[in-house]
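Here the structure is laid out as structure tokens; the discussion comes afterwards.
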Amino acid sequence: MDFFPVFLNIRDRPCLVAGGGGVAGRKINLLLDAGANVYCVAPELCDNLKAMVDEGNIEYIKRDFVQDDLAGKVLVIAATNNQAVNEKISKLANEKGLPVNVVDNPDLCSFIMPSIVDRSPVQIAVSTGGSSPVLARALRTRLESMIPSAYGRLGTLMREYREKAKQVFSNADERRIFWETILAGPIVEMVMAGQDDKARKSLEQAFEDAQQGNEPETGEVYLVGAGPGDPDLLTFRALRLMQQADVVVYDRLVSKEILDMARRDADRIYVGKERSNHAVPQEDINHLLARLGKEGKRVCRLKGGDPFIFGRGGEEIDTLMQQGVPFQVVPAITAASGASSYAGIPLTHREYSQSVVFATGHLKDGSMNLNWKGLAQPNQTIVFYMGLQGIAVICRELIAHGMPDSTPIALVQKATTPQQKVVTATLGTMPDEVEKSDIKPPTLIIVGNVVKLHERLNWYQR
Ligand code: SAH
């Protein structure tokens, strides 16, 4: 180790920053975040620092650095643009045994500042010992994306119950095992999902259970949207829950690449649906999820797109709600957003469309029970899910309800995947185009003048 990592308490203590430029400003911000009293010495200040002085956040000493500035300080940062001054500050501070940092000059530093991932009260500090600040920042960026922002609230919650844990478990090992069990259980996910009250109640319950010698409750169902197909479009939360599930229950729209990202040793249960030939009836899926959750499993119910857009997610959580099984819902990019972006067809556009409607084009007994008049409005984009089989009916009805047969329409096959294909035509010609083509589901249909933009904005090349 070239440097010994520590965390300093500088709250309400005087710290000196020499220099009035942008670099000094960034260091001052960090010191203020840690609650320090900041003294800034410099002949001139940049605008940001001037504003901080005006707001009374820092003390400003308007002149060059002098030795006396070090008196009474607990920490010094030299950020002037004058190498000789920086060296002098370093030398004087070292003589006094004051921790000193000279920006971008590790040889003159008695301490260096890490890259920080701030999840207060949790702090992660990354250092390369001054070898490469860029590498430290790159690592920090990776950590930022891996560590949910709610870890701060988790830290606060655990701090709140630290004393209680000491009272309940006088033995340090028992206490550690208790907290480890909590961190591996559903309470963490409650905090991540913003359900802090529920988390607090469950934690209280866990203390009770531990005192009574009861088994803790662990089962939970995560209703997770897997997005339209490209695995990169998963949310951080979706990925995290997939990777900690004991069981993954998935359907046909979830691509293999995405399923492969779930925890290796999780059980996988396929409940895919073929059109009008439901492989597993919805009722059975609802009860399966409830049963697995009650058995104490962490169940990831993975669904294509967003669970609450033509996904029957509402029915699945209704059953869980009734049976008292803990659950949470993770939103995702719905097929309309995925297809729109990747086909270069904005769903709204100042010139062409001021509203957008999502409708189901699912055929039932050869027709669709839709408010065609409401759909066939000018300056509106209509997106049909599940509409490939019913394309002829859709085009016929829209024309019959007043849309010109020259209205542009697009079919987007397997949007966001390497098999994406876009077919454009008009309401008058699309049914014939589909007959001729070998378009395969899943397919999304977009109707409206925005489809004209596809030719110009088609950016996604596989
Ligand atoms: N909950 C899903 C929709 C489920 S309904 C969502 O939010 O996207 C199933 C329909 O979604 C399919 O018939 C098709 O119309 C559409 N769909 C889903 N993924 C798609 C994709 N990658 N490309 C095109 N359409 C897709």
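Every number in this text was worked out from the coordinates using simple rules, so none of it is lab data. Since the structure is predicted, the reported quantities are computational estimates derived from the model, not experimental observations. Please note: Cβ atoms are built from the backbone with ideal geometry, for glycine as well, and neighbour counts cover all protein chains shown.
Observations on the structure shown:
- Kirkwood hydrodynamic radius computed over the chain comes to 27.0 Å, based on all pairs of distinct alpha carbons.
- LEU75 long-range amide H proximity, modeled H, under 5 Å: LEU16
- Environment charge of LEU92, counting only residues whose C-beta is closer than 13 Å and scoring Lys/Arg +1, Asp/Glu -1: 0
- In the chain, the calculated helix contribution to ellipticity at 222 nm averages -11000 deg cm²/dmol per residue, counting -39,500 (n - 2.57) for every DSSP H run with n ≥ 4.
- Tensor-based shape of region 151-212 (alpha-carbon gyration tensor, a/c under 1.5 rounded, otherwise prolate or oblate): prolate
- Between the beta carbons of ASP12 and ALA172, assuming R0 = 22 Å, the FRET efficiency works out to 0.10 to the nearest 0.05.
- Amide N of region 217-233 lying under 15 Å from the label point, which is placed 7 angstrom from the Cα of MET321 along Cα→Cβ: 223
- Environment charge of LYS62, counting only residues whose C-beta is closer than 14 Å and scoring Lys/Arg +1, Asp/Glu -1: -3
- Residues in region 374-393 that a label on VAL423 would reach, taking backbone N under 17 Å of a point 7 Å out along Cα→Cβ: 384-393
- Residue separation of CYS46 and ALA71 scaled by 0.36 nm, minus their Cα-Cα distance, works out to 6.5 nm of gained length.
- Legend: calculated FRET efficiency, ILE61 to ARG162, from the Cβ-Cβ distance at R0 = 51 Å, rounded to 0.05, equals 0.80.
- The mean sequence separation of alpha-carbon pairs under 8 Å and at least six residues apart, normalised by the residue count of region 336-457, gives a relative contact order of 33 percent.
- With θ taken as phi - 60° and the Karplus curve 6.51 cos²θ - 1.76 cosθ + 1.60 applied, the whole-hertz 3J(HN,Hα) list for region 27-40 is 5, 4, 4, 5, 4, 5, 4, 8, x, 6, 8, 9, 10, 10 Hz, x standing for glycine and proline.
- Full-extension gain in nm, LYS198 to ASN449, via 0.36 nm per residue minus C-alpha separation: 85.6 nm
- If the segment from GLU283 to ASP118 were pulled out straight at 0.36 nm per residue, it would be longer than the present Cα-Cα gap by 54.9 nm.
- Per-pair calculated FRET efficiency, R0 = 35 Å: ASP232 and ASP365 via Cβ, rounded to 0.05: 0.30
- Centroid-to-centroid separation of region 16-65 and region 276-328 [C-alpha atoms, Å]: 55
- Angle between the chain longest axis and helix 196-212 axis [Cα atoms, degrees, rounded to 10]: 80
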